[in-house]
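A short worksheet on the structure shown next.
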Amino acid sequence: MKLDVLNKLTEPMSKTAKMPVLFLGHGSPMNAIEENEFVTGFRNIAKGIPKPNAILCVSAHWETKGTFVTAMQNPPTIHDFGGFPKELFAVQYPAPGSPDLAKETKTLITKTEIVLDDKWGLDHGAWSVIKHLYPNADIPVIQMSIDYSQSPQYHYELAQQIKSLREKGVLIIGSGNMVHNLGMVEWKRLNETFGYDWAIEANEKMKKFILSGDHKQLINFRSQGKAFDLAIPTPEHYLPLLYSLALKDDKDDVSLFNDKAVAGSLTMTSVKIG
């Protein structure tokens, strides 16, 4: 392990300038190995962010009963998908973990008992996008799970309890998709940028609420009508957005990137806060 990485793992988390927060529309796992405009967008956004001391990622692909945080020194790369080329299964993202950050996260959260986990690792919601931001895998990464038994309001309030990590050099990333309906995906047009009317309607409303800071409407997404119901048939890809938004301060700028629909029923729209 490189000496500078080892130093980061052993240093206490000290106060830094406030880090931004990201929500990344991760889309297909193939984005991990393809060259396209969305991958370019991930790389470009990283250029404007100070190099983090560590990353905490909330991924759509780790749902649990209760809330868990990965706490191992060397998290494995999890290939949690099927039916893709062997080249994708060959990808490894050997970023170190951060047991210290996991413990600090557990200490900060009082809303529930955080379980320190040594079995999960980095799923594709994390590594398929983080590898484009930091291809050298030299920044410690931990994941926090999504408790599938809890309400959107609960997730928003839980996320607010880790806001102080932004001032300790931690880049917090929510990884999902604002519009995510796999049952209606045009699989033969997976690489085409187009969206059904309902997908565009839902995405536009979401963006309006994000940019105006109206988080209440986004928390209460089940009261937003049919377009939202089609866009969010199950909440796991949407909830990471609420984790990211909950970390916003009043003075933070908010901007959008990768703002396109693909395959009819997915949007890659991503958010930078701060």
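The values are calculated or read from the model by the stated rules, or taken from the named source; none is laboratory data. These figures come from a predicted structure and were not determined experimentally. Using ideal geometry, Cβ is built from the backbone for each residue, glycine included, and neighbour counts are taken over all protein chains shown. Ligands, DNA and RNA are excluded from the accessible area calculation, which covers all protein heavy atoms including side chains. Shrake-Rupley method; radii C 1.70, N 1.55, O 1.52, S 1.80 Å.
What translational diffusion coefficient, to the nearest whole µm²/s, does the chain have by Stokes-Einstein, given a Kirkwood radius computed over alpha-carbon pairs, a temperature of 4 °C and 1.567 mPa s viscosity? Answer from the Stokes-Einstein relation: 70 µm²/s.
Within the listed set PRO50, PRO99, PRO76, the Gaussian network model of the chain (springs between alpha-carbon atoms below 10 Å) gives the highest mean-square fluctuation for PRO50.
Backbone phi angles across the stretch 222-229, fed through the Karplus curve with coefficients 6.51, -1.76 and 1.60 (θ = phi - 60°), yield HN-Hα couplings of 6, 9, 9, x, 5, 4, 5, 5 Hz in residue order; Gly and Pro are listed as x. Partner lysines whose Cα lies under 24 Å from the Cα of LYS47, excluding those fewer than 8 positions away in the same chain, are identified as LYS2, LYS8, LYS15, LYS18, LYS131, LYS163, LYS168, LYS207, LYS248, LYS251, LYS260, LYS272. Between the amide H of LYS260 and those of MET268, THR269, distances stay under 5 Å, these residues lying 5 or more places away or on another chain, with hydrogens modeled in the peptide plane. Shown in residue order for the stretch 103-114 are the 3J(HN,Hα) couplings computed by the Karplus curve 6.51 cos²θ - 1.76 cosθ + 1.60 at θ = phi - 60°: 5, 5, 4, 4, 5, 5, 8, 10, 5, 8, 7, 7 Hz (x for Gly and Pro). Considering helices alone, the calculated mean residue ellipticity of the chain at 222 nm is -8500 deg cm²/dmol, with DSSP H runs of length four and up weighted by -39500 (n - 2.57) and normalised per residue. Computed with a 1.4 Å probe over protein heavy atoms only, the accessible surface of the chain comes to 42 Å² per residue.
For the stretch 89-177, the set of GluC sites (Glu not before Pro) satisfying both a DSSP loop assignment and a count of at most 11 other C-beta atoms within 10 Å is given as GLU113. Overall shape: prolate for the stretch 171-274, with the ratio a/c of the largest to smallest alpha carbon gyration tensor axis at 1.5 or above and a/b above b/c.
Exposed loop sites here are trypsin sites (Lys or Arg not before Pro) assigned a DSSP state other than H, G, I, E or B and surrounded by at most 10 other beta carbons within 10 Å; excluding them, the longest clear run of the chain is 120-250.
Of the Cα atoms belonging to the stretch 125-217, the radius of gyration and Dmax stand at 16.4, 44 Å. For the chain, with all protein chains in place and a probe radius of 1.4 Å, 52% of the accessible heavy-atom surface sits on carbon or sulfur.
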